[in-house]
1. State which residue is nearest to Glu414 (Cα to Cα) when the search covers only region 371-400 and only residues that are surrounded by fewer than 19 Cβ atoms within 10 Å (Cβ to Cβ) and in contact (Cβ under 8 Å) with a residue 60 or more places away in the chain.
2. Thr197 - would you say it is part of a loop (DSSP other than H, G, I, E, B), open to solvent by 20 Å² or more (accessible area, probe 1.4 Å) and in contact (Cβ under 8 Å) with a residue 60 or more places away in the chain?
3. Output the residues belonging to region 452-490 that are over 20 Å from Arg553 (Cα atoms), assigned to a loop (DSSP other than H, G, I, E, B) and open to solvent by 60 Å² or more (accessible area, probe 1.4 Å).
4. Pairs under 8 Å by beta carbon, first residue closer than 19 Å to Thr516 by Cβ in region 527-556, partner among the acidic types (Asp, Glu) and surrounded by fewer than 19 Cβ atoms within 10 Å (Cβ to Cβ), six or more apart or different chains?
5. If you check Ile509 against the conditions, is it outside any strand (DSSP E or B), surrounded by fewer than 16 Cβ atoms within 10 Å (Cβ to Cβ), among the hydrophobic types (A, V, I, L, M, F, W, C) and over 50 Å from the mean Cα position of the chain (by Cα)?
6. Within region 425-448, take every residue that is over 16 Å from Arg488 (Cβ atoms) and in contact with a strand residue (DSSP E or B) (Cβ under 7 Å, 6 or more places away or on another chain) and give me the one that is surrounded by the most Cβ atoms within 10 Å (Cβ to Cβ).
7. For region 305-326, does any single residue satisfy the condition of being within 30 Å of Phe367 (Cβ to Cβ), open to solvent by less than 20 Å² (accessible area, probe 1.4 Å) and not polar (S, T, N, Q)?
8. Among what's in region 422-444 and is at pLDDT 80 or above and of a type in the set (Lys, Arg), pick the residue that is nearest to the chain's Cα centre (by Cα).
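The values are calculated or read from the model by the stated rules, or taken from the named source; none is laboratory data. Keep in mind that what you see is a predicted model, and the values were worked out from it rather than measured. We place every Cβ from the backbone using ideal geometry, glycine too, and count neighbours over all the protein chains shown. Only protein heavy atoms, including side chains, enter the accessible area calculation; ligands, DNA and RNA are left aside. Shrake-Rupley method; radii C 1.70, N 1.55, O 1.52, S 1.80 Å.
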Amino acid sequence: LKMSWFWLYLPLHLLTATCLCHSIKAATTSSQQSFKTNLFNFYHSLILADGKETTIHLLKDIPKRYCFALEEGRVLAPFSITVTPCDVPIEWSILVYKSPPGKATSGDHVTQEVSKSQKASSIASTIFNYKGNSVETYMGMSSHAALYLLEFLSTERDTHITVYLTSDTTSGHLYPELPVDPRVSVIGVGPTTATLTWKHSPSVLQHRESIQYCLLVNEKHNYKSLCAAETAIRSSGMKLPPSLALSLSPYLLEPQQVMILSNSELSIINKVSTGEVRQVCMGTKNTYTVPSLSPSTQYYFDVFIVNLLTNASAAYTGTFARTLEEPEPKVTELKDDKVIHVVLDGKKQKFYSLQYQARHKKIHFTFQLCRGQIRVHIIRNGKTVASENLSGLRYFSLKGKLLDTYLVQLRSTEELNSSVKVQASPHFHKPLFPLLPESLKIKSFSKLRTCRSVTIAWLGTQEESKYCVYRKRIEEDQIWRELQNADRCSGPESRHKSEKVLCKYFYDINLQRAVTTETIKGLEAGTLYLFDVYLFGPSGIPVRYHSKVVRTRKKC
C-alpha cells in the first residue's frame, strides 16, 4: 500500500482517535524526543501495545493507523508484528521514520524541517506491505531508535483483525509453533469417515498440559485462522462463544448446536445453512478419524493448535477430501412363508433390505419385533405403501398386481442392536403367529401375594392355544437388563428346565371371560421373581408376553 503525505493535513474529526506516540520503554535525549513529538503531532494515531494481542475493527475504505517506537539504548532492537485477518482480505503496511543525521539532532532544526512535508518525506520509508487474508508475520531489526507507523485498510466490507507486536523475542512466543511441514494429510476416506494426520507442533512437546489440537470440519472452504472460522460461523446466523478451544461448555450451546463427549474428545456440531460445521478438540493426538460424515460429500478440514492459557492459536495448512459413495445395500430375497431373522447394527444406522416378488395379488407381511426399536418401510414398484415404527407384532395386508416387486427396508432407530422376524405370505388362512389377545401384559395381584406364592393373570383369545409359564429368580440390579434386553422372539427353548412352572390350554368364545389366572407356589420370602408367559399357535412359533417382576412378601 503506497503511503502519501496528503493525509497529514486531514481534519481531526476524520480520525478515529488521537494520541501522541511516544517511546515504549526508555527515556530519550531532548533532541530525539523533540523530533518524535513534532512528527507525531501531525500523525494522530493510536499507540500499539507491545507484548499484547490487539483486536482492531476496520470500517470499509477507512484506514486505521497505529504507531509504536522501539526501545532505545540498545545496539540492536529486534521486533515482530503478526497480523491475522478474521474475515476478508485486507491491506496493511509498515512505515519507518528515522532521526535525521548530522544537524538534524538539533531540536529547533528538526522542528523546522518536519514542518515541511517535502523534507519530512526524505526520512520516511515503507519497509513492508501486504494484501490478502493469510496470517502474516514481519520480523525486523533496527540498529538505532526508530518510529514506526502501521496502516490497515479493508476495501471489501467492515471487518476485524488481530495484531500482535513484540520487541521481546527471547521469552517465548504468544502463538504456538507450527512444525516445519504444517500440512494436514488425509490418510483414509470411507463413505462416512475420513482419517487425518499432521506433524506434531514443537509447542506440544514443551507445554503439553496447556496445548491442544482442535479440528474444524465444514462443507464450504478452508480457513486460514481460527478467528476467520469463528467469524464465518457467526455470519451464518449462529452465536459462537469467543474461542473454539475455550468455549466447549454445554450452557453456551445454541439450539442449532449439538455437543458430543466421547473418549475425552469434545465435539460441537453446528447446523448452518451452508451445511454442517463440526468442531472437535482432541488434546495432543495428531491423528483423528472424523465419524458420521455424509457419503459422496466434499469436506474441508482445518487443524488449529491452541494455547489454553493465552487463547492464542496457529493454523495448519488445511486440506479437503470427498467421502466415498455409499455402497449399494445387499438385498435379501423373501420367499413365500419363509421366516427371516434380521439383526440390525444400531451404531451404523443403515437400512437392511429384503425383496419379495408377488405371485398373488394379496400379500400378507408379518413383523415380530424381537429387541430394540425398528422402523420399517415397504415400497411397491418404487412407491412407499407403508412406513412406521414397529411395536410387538405387526401385520400389513397389501393388495396389488401379479409380479409386483416389494422392497422391505428395516433400520434400527437406537444405538443398541435391534432384531426382528419377517415373513411374507399369500396364505391368509395359514397365519405364522397365533391369534393375539388385546394385551400381552401380565397382571399380578398384590392382595394375593404371600411369602411363598404369587398369583398372576393374563388374557387369552377365542382360539384354543397353549400357554407356558416360566419363573426366574433375579436381583435388584438385574431388573432393567432383564426387561430392556429381553429377546421377545426367543421361545422356551432358551430357558433352563428348572424355570418352567407349567403349560396349559384354554380359550373362551366370550372375550370378556378369556382370562386365566395361575398361582405359583414354592417361592422364597422377600425375593424378586421374573415371570414370563409364552403363547403357542398352530405353527408352533411362540409369542412372549411382557415380562412381569414381582417380589414375595417378607413377612406373613
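1. It comes out as Gly392.
2. Here the answer is no, as Thr197 does not meet what is asked.
3. Gln462, Glu463, Glu464, Asn485, Arg488
4. Gly537/Glu463; Ser547/Glu482
5. yes
6. Here the answer is Ser425.
7. no
8. It comes out as Lys441.
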